[in-house]
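**Student:** Dumping the structure here so I can ask a few things about it.
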């Protein structure tokens, strides 16, 4: 069974649903075969003037279909899909038994035959529609592309086997046996629908998510309209071809039983050919040609057949002993049956899969039932006119050619819509706050904000004030006036800032009163009064320049400068003194005053301030520099570029650089980024900034640094190149070079997966595996972005998000398949498919020659890397696992020039140096015998311990190693108190050894924590006092992390901050889900 699953490319967990659906489709596809054979035999035998009556009968089928679909849609409102299938199958089976009895007894035979002709069409269509709806709810798009053709084998086998069984039954019992047999198959389908129920995916909202409302908007978008048109044209062509085939066949073959036998043998023959198509052709066409080639297959076949029909009158029938038109119709009908029910049928069902389930359940019966019947009705009208005009049936070819003129362009539209639909299905719904606009002419909005301002909840009041910051405040003057009288001091401060130029809200008299009384709002009132230039303010400002409060002195100094009256020099001296004080608080006060008065900032301090380590001071300094011309700020470009190294200052630094000539900026930035001795974070910040300068020299530089082994620098360069491509500035030659880089990055990922495979049975590999995972995590977005350089508007970031979160992978992979070339699909797609590691590595060896053959090949490259963290991790692993052959051939003198590597080797020598001492190439003389180890744990050991803490689990070990360097070891004896309830929470602790008891003041035990648990992480994040006490119950060793050092590290390393935010968000989501679960219904 496993070999068969492998041969058919069926993944684990798919076997049972595939077998169930294959069996189900076996009977589904047999039903139209039996129905067509039965209705054709009855109809052609009952009516001598069949060619005149048939178009009229076909014209009535859409109305019958409309009636049935309307009833089913009403039932669908209260019945789920599978129960609905059960009900309809039972009704269909019962109706056929009644028809069979009526025909057997000769009850109104002609009317019954006419009803059967239309009813057979309705049953065949709806049974197939319901089957594919169930299949679409079981498999995603990627699975559907792989498995629908396998499931289709069941339908092909059903046509063959049931057709072979039906032929002797007709000979023995007549055409009535076909109706009875169809009724039996409908009952079997009913059972199979019930059997498939457990495999249907639950599309209901998860806990914590709002229930999705039933869609009430427009059901049919452009994509569905085009699908409906293609389905309609397909069935219209099929109906016309069916009509011609039956009439031409009747002219060649006489008698009811002979006709029934011929039709059965014909459908068995095409069924066998279709089976061969399913087994050997369909998957190849879907994989290599995709949806487009599959959907084009049928119109191309019919075009060829149409040409054959048109030339048939010019071919002598004596050459083949049959009418040439009959041969052309037979071959065209055969091609239609073989292609339509294999590759084309699979593709038309595949384009439905990305559509959301509820919308699909509503739309598919309408398209395949109602709209398809309408197109069949159009075919009937056309055939009726055709007969009335007494045209030769060879001209049916002309009709088919006209249909393909509309058909083929529609297929191209569907292909584009299919890709767009895949993208839509994998996109996250986001509310873009920047797109939120408030219209003060909307009474509802005005009233809602008024309610917020009048609320007794300070949070509502603050939110209301935030909403109206950029709006005309006239609608809320009275509300703001009342809130200023009643609100707390923080609310009043916000209102003062909003109403700076609006005396109707806060009058000049009130401002002066606030200043005179030296209230808590004095500083804000001074600034607002100066802005209004209120008479009599200057003497007050002069008095407040000597106020003991630095905040008030700063406000008075700025007020004086704004007024341009009074002691201006004293005001300047006040602010300058604050700027020159070694006190960050005073520096910040002065900077806040000077942000909108940049010319008052002392030029000799500008460079010094831009090189400060305090982020908010640097940001304010950059804000001042931004408002000065480059010739007026006394700064070099390198001074500003220095602040590109920090994410929180980079944006402002980029804006300041805009004040300088582009070419000068480019020259400096390229020089700094090319210097490999420059700070790594600075190089990354500069490379990111180069997107603002899409010149050829910049593009050439970015392509050149793609040879850098640092994956962080590589990824940033790719991001910048994609931004330049989206500006339309990336030349064709560069895109071709980046295509080569794309395959290079694919090889990089295959090498990482191969290294994982080498390590699969290894122990003590935690940090090395984390390093590889980090490489994969960073390289994946870079690779995917490289794939869209030739079509940069592709929203590849959405695809990356879903791959990183392993979400909607079926649709994601199908989307990639449709935007990749054949070569890209072959090489890149396996990197993201759900295949085992060994298979993925084999794909890598198949595509690339330079792949590692053993673990030492990769370890050697890691050890000699310029990346110190990578080198230390690999060397530590090699020593621990005694990789003697590798260690013997290392360039130890070069490696030990790095202090970090030497410290790590020193620890190994102290703990167990036998391996290193046995190496003849190891320079043991560099390590004195009395070398002491100053700490109990190495940085690597601390990193491993911290990596297992929930708070840091999503952060790469490389970044945690910086946290490990600030973690101090603390020893505590049994019974000793670690901290008391109510104490300030200035530190967090991670238990390395021992046991800590958590309890309240009364001694009631809350928990007992052991190795790997963390204490006090929330206290250092929210600055609240300790909520419980902690006492050691055994001698313990803990790692202590100080709040100040922790926050400084977070400010400088954005990855740590992102990881902690991710963890806290996850905790909040889980809490909300739990809360919602426990809400009484």
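**Student:** Counting each DSSP H run of 4 or more residues in the chain as -39500 (n - 2.57), what helix-only mean residue ellipticity at 222 nm follows after dividing by all residues, to the nearest 500 deg cm²/dmol?
**Tutor:** Result for the chain: -22000 deg cm²/dmol, rounded to the nearest 500.
**Student:** Turning to a different aspect of this structure: Could you give the Stokes-Einstein D for region 800-923 in µm² per second, using the C-alpha Kirkwood radius, 10 °C, 1.306 mPa s?
**Tutor:** 91 µm²/s
**Student:** Provide Rg over Rh for region 577-624; use the alpha carbon set for both Rg and the Kirkwood Rh (inverse mean inverse pair distance).
**Tutor:** On the way: Rg = 9.2 Å, Rh = 10.4 Å.
My calculation puts Rg/Rh at 0.89.
**Student:** Fully extended, how many nm does the chain gain between residue 194 and residue 1022 (0.36 nm per residue separation, minus their Cα-Cα distance)?
**Tutor:** Full extension of this stretch gives 292.7 nm more.
**Student:** For region 326-437, list log₁₀ I(q)/I(0) at each q in 0.14, 0.17, 0.18, 0.20 Å⁻¹, using the Debye formula over Cα point scatterers of equal strength and ignoring solvent, two decimals each.
**Tutor:** Taken in order of the listed q values, log10 I(q)/I(0) reads -0.82, -1.09, -1.17, -1.32.
**Student:** Can I ask one more? In the P(r) worked out for the chain, what percent of Cα pairs fall beyond 47 Å?
**Tutor:** In whole percent, the long-distance tail amounts to 52.
**Student:** Continuing with this model, one more query. Using only Cα atoms and rounding to the nearest 10 degrees, what angle (0 to 90) does helix 141-173 make with the longest principal axis of the chain?
**Tutor:** Tilt of helix 141-173: around 10 degrees.
**Student:** May I pose another question? Remind me, relative contact order of region 495-600 in percent, using alpha carbon pairs under 8 angstrom and six or more residues apart?
**Tutor:** For region 495-600, the relative contact order is 19 percent.
**Student:** Next up: Give me the percent relative contact order of region 833-969, please, defined on Cα pairs under 8 angstrom at least 6 residues apart.
**Tutor:** Taking the mean separation of contacting Cα pairs over the length of region 833-969, I get 16 percent.
**Student:** Here's a follow-up. I want to make sure I understand the PRE zone here: with the label point 7 angstrom from the Cα of residue 861 toward its beta carbon, which residues in region 757-775 have backbone N atoms less than 14 Å away?
**Tutor:** The answer is 757-758, 772, 775, whose backbone nitrogens lie closer than 14 Å to the label point.
**Student:** Which value does Rg/Rh take for region 694-853 over its C-alpha atoms, Rh per Kirkwood?
**Tutor:** Using Cα coordinates only, the ratio equals 0.97.
**Student:** Which FRET efficiency, nearest 0.05, do residue 513 and residue 470 yield, Cβ-Cβ r, R0 25 Å?
**Tutor:** The pair residue 513/residue 470 has a calculated efficiency of 0.30.
**Student:** With 10 angstrom as the radius, rank 970, 915, 396, 339 by how many other C-beta atoms surround their C-beta, starting from the fewest.
**Tutor:** Sorted ascending by nearby Cβ count, the order is 970, 915, 339, 396.
**Student:** I would also like to ask the following. Diagonalise the Cα gyration tensor of region 234-307 and give the resulting equivalent ellipsoid semi-axes, square root of 5 times each eigenvalue, largest first, whole Å.
**Tutor:** Three semi-axes, in Å: 29, 17, 8.
**Student:** While we're here: For residue 700 paired with residue 443, estimate the spin-label separation in nm (one decimal), with each label point 7 Å from Cα along the Cα-to-Cβ line.
**Tutor:** My value for the distance between the label points is 6.7 nm.
**Student:** For a quick check: sort 1060, 61, 161 by the number of other beta carbons within 10 angstrom, fewest at the front.
**Tutor:** 161, 1060, 61
**Student:** Taking the 0 to 90 degree range and rounding to the nearest ten, how far is the long axis of helix 957-966 tilted relative to the main principal axis of the chain, both from C-alpha atoms?
**Tutor:** 20 degrees
**Student:** I would also like to ask the following. Regarding region 494-608, what is the average projected area of its C-alpha convex hull, in nm²?
**Tutor:** Approximately 7.0 nm², given one-decimal rounding.
**Student:** Using only Cα atoms, tell me the angle between helix 176-196 and the longest principal axis of the chain; keep it within 0 to 90° and round to the nearest 10.
**Tutor:** Long axis of 176-196 versus the principal axis of the chain: about 10 degrees.
**Student:** Please grab the % of Cα pairs in region 242-362 that end up more than 20 Å from each other.
**Tutor:** 54 percent
**Student:** Spin-label point model (7 Å from Cα, Cβ direction): what's the residue 1006 to residue 359 distance in nm?
**Tutor:** So the two model labels end up 4.9 nm from each other.
**Student:** Give me 67, 1009, 690, 759 sorted ascending by neighbouring Cβ count inside 10 Å, so fewest comes first.
**Tutor:** 67, 759, 1009, 690
**Student:** Related question: Just the number, please: Stokes-Einstein D of region 854-934 in µm²/s, Kirkwood Rh from C-alpha pairs, 10 °C, 1.306 mPa s.
**Tutor:** 125 µm²/s
Laboratory data are not the source of any read-out in this text; all were calculated from the coordinates shown. The model shown is predicted, which means the values in this text are computed figures rather than measured ones. Because the Cβ atoms are built from the backbone with ideal geometry, glycine has one as well, and the counts that use them run over all protein chains shown.
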